[in-house]
1. With springs connecting C-alpha atoms under 10 Å apart, model the chain as a Gaussian network and identify which of Leu181, Leu170, Leu118 has the largest mean-square fluctuation.
2. So if I average 1/r over every pair of distinct C-alpha atoms in region 1-96 and take the inverse, what Kirkwood radius in Å does that give?
3. Once the cut-off is 34 Å, how many percent of the Cα-Cα pairs in the chain end up in the long-distance tail?
4. When you count, for each residue, the other Cβ atoms within 10 Å and take the mean per peptide, how do 199-212, 22-35 rank with the highest first?
5. Quick one: work out the % antiparallel among DSSP beta bridges in the chain, nearest 5.
6. Taking springs between alpha-carbon atoms closer than 10 angstrom, which of Val186, Val142, Val55 fluctuates most in the Gaussian network model of the chain?
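Every number in this text was worked out from the coordinates using simple rules, so none of it is lab data. All of these numbers come straight from a predicted model, not from anything done at the bench. Reconstructed Cβ throughout: ideal geometry from the backbone, glycine too, with neighbour counts over all protein chains shown.
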Amino acid sequence: MLPTPCEGCGAEVGGQLCPDCRELLAGLHGRRAGPSPAPAGLPPVHSCAVYGDPVRRLLLAHKERGALRLAGPLGAVLATAVTSALPGAYRGGGLLLVPVPSARAAVRARGHDPMLRLARCAARELSRSGLACRVGPALRPVRRVADQAGLGAAARHRNLHGALTVPARLHPRLADRQIILVDDLVTTGASLTEAARALTAAGAPPLAAATIAATARRAGRVPAVVHRRRQPG
């Protein structure tokens with residue numbers, strides 16, 4: 001019976017996303033982002049926001065606290081980043097969104113695969129706008145990796161190198177596909193670089209990568225998200 005606070009700003013609105021936060025997400029635009037200098041092998045990355053509140057809170061609520069109703073609005077932001085990431089030479093057809101996979105233990109603990117859910121919501125949003133695409137969860141973890149928290153850029157890349165693969169049985173399904181890697185966040189680019197390496201080894205190099213957010217210190221020209229509450233009247 002009690003109102004559910006907005007996961008982004010905490011407003012008591014009776015739902016997981018208040019009108020102001022919903023409007024803020026709908027107004028985001030994709031731009032080039034990612035670490036600078038970019039690590040070797042990292043495809044061009046496009047993001048929609050700096051990783052700060054309220055976007056940070058919304059991503060964490062969806063991923064860690066099972067706020068699944070946020071998948072649609074966040075997936076729409078990811079779709080915007082995908083559209084931004086498409087190269088000028090792209091003429092449509094064969095578009096495949098490949099999400100960076102979570103560790104199996106993390107998926108079990110959370111009870112869902114947050115990035116796969118967001119990718120599917122983004123694909124539906126793109127299809128509604130006339131850009132037909134599919135989601136291809138082609139990447140598989142092949143070994144355990146250390147917790148990335150506290151690791152610097154070089155250590156993150158060493159930690160993740162060789163951690164992903166594309167099963168041989170999926171190689172034919174990637175042939176002639178236009179692939180965009182998708183993730184919720186880019187920091188050092190280590191996860192996206194490893195994902196791109198695995199896809200390239202399978203004969204399917206990605207065109208680009210798209211994320212909802214990028215860390216502020218590496219976000220280039222991506223605009224910070226500042227939440228302003230409407231004043232009465």
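1. So, out of Leu181, Leu170, Leu118, the one fluctuating most is Leu170.
2. Details: mean 1/r = 0.0670 Å⁻¹.
One decimal place: 14.9 Å for the Kirkwood radius.
3. Working: 3259 of 27028 pairs.
Within the chain, distances greater than 34 Å cover 12 percent of Cα pairs.
4. Values: 199-212: 21.6, 22-35: 18.9.
Ranked from most to least packed, the peptides come out as 199-212, 22-35.
5. Numbers: 6 of 24 bridges.
So the antiparallel bridges in the chain amount to around 25 percent.
6. Of Val186, Val142, Val55, the Gaussian network model singles out Val142 as fluctuating most.
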